[in-house]
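> Right, I'll just put the structure down here and ask away after.
What follows is calculated from the coordinates using simple rules that are stated; it is not laboratory data. Note that the coordinates shown come from a computational prediction; the quantities given were computed from them, not determined experimentally. Cβ coordinates were reconstructed from backbone atoms using ideal geometry, including for glycine residues, and neighbour counts include every protein chain displayed.
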Amino acid sequence: MVSVDEEDPWEMAVRIPGRETEADEEELLPEYGLTRRQELQERIEAYNRDKGDPDYYYLPEEWDGRKLSWQKKTEHTGNLLAAFLLAVAAVLPVLDSREQERVRNRRLEQLAAEYPALIMKFTLLLQAGLSSQSAFARIGRDYAAREGGETNAACEEILVMLREMESGVSETEAYRRLGERCGQVRYRTLAALLTQNLRKGSRYLTDALEREAVDAWEERKRNARVQGELTSTRLLFPMLLLLLVVIAVILIPAFLSFYTEGRG
């Protein structure tokens, strides 16, 4: 890049003898015109002939009484690439955190939706005479034996609990871990009821579980109503857009017809 008398710099390829390439020749084509570039190139060659230094190639500081300022053309490709990589490195952890949060929320919603059916089936098995551990084992076997279908997060946690019991974890500790892993009040309540039954015994365990099942179903109904209201709210804006389109389809032809009749 060369600037003449501190004007805006322009690009010029300096041909060093014995090092010319076709690319250099192409770069001599015009922004300021081939003649001006040739004149400056001749001045550079004459300047180097006067220097007589075979090891270095010099660039003059003046040309026909005008000051010349030289600098290498700056390449921004590396800087842009580095900035892009830094931006990607900064955004990826945020996106990963949001994805993990979304997965956790979806899992919690799935556990909440599956709890009423789980507690109802568990209560029925207890009323049929099975122990708590046997009832969970039956639920786990039924889930493992099924063919296809969606993953049931609650049953997956029960399978984990059963494997813990098989590996030597006490039944009380396994129930506690189940409630902690699920991370919801309902599952912690179930774990507390089962733990209390093991420690102190309770003739009214099935009654408490029945009440828990009824409460869980009622909560699921309330959540379904809330979700329905949210869905209707989300649909309000698209419906408004459709209404505007319909109004436009009706009114625009009417205005056009009035306009044409008025001109006629």
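> If I take R0 = 45 Å and measure r between the Cβ atoms of residue 196 and residue 235 in this structure, what FRET efficiency does the formula 1/(1 + (r/R0)^6) give, to the nearest 0.05?
Result of the calculation: an efficiency of 0.45.
> By how many nm would the segment from residue 141 to residue 83 grow when fully extended, if each residue of separation counts as 0.36 nm and the alpha-carbon distance is taken off?
Extending this stretch completely gives an extra 15.5 nm.
> How would you rank 147, 171, going from fewest to most other Cβ atoms within 10 Å of each one's own Cβ?
Result, fewest neighbours first: 147, 171.
> What nm value, rounded to one decimal, do you get for the distance between residue 167 and residue 38 when each label is placed 7 Å out toward the C-beta?
Between residue 167 and residue 38, the simple spin-label model gives 8.5 nm.
> Can you give me the C-alpha center-to-center distance between segment 190-264 and segment 69-134, rounded to a whole angstrom?
24 Å
> Now a separate question. DSSP loop (so not H, G, I, E, B), at most 15 other Cβ within 10 Å: list which trypsin sites (Lys or Arg not before Pro) in segment 47-129 pass both filters.
Answer by residue number: 72, 73.
> Mind running the shape call on segment 110-170? Use the C-alpha gyration tensor, a ≥ b ≥ c as the square roots of the eigenvalues: rounded below 1.5 for a/c, prolate if a/b tops b/c, oblate otherwise.
Working: a/c = 1.56, a/b = 1.12, b/c = 1.39.
Oblate shape, in that a/c is at least 1.5 and b/c is the bigger or equal ratio.
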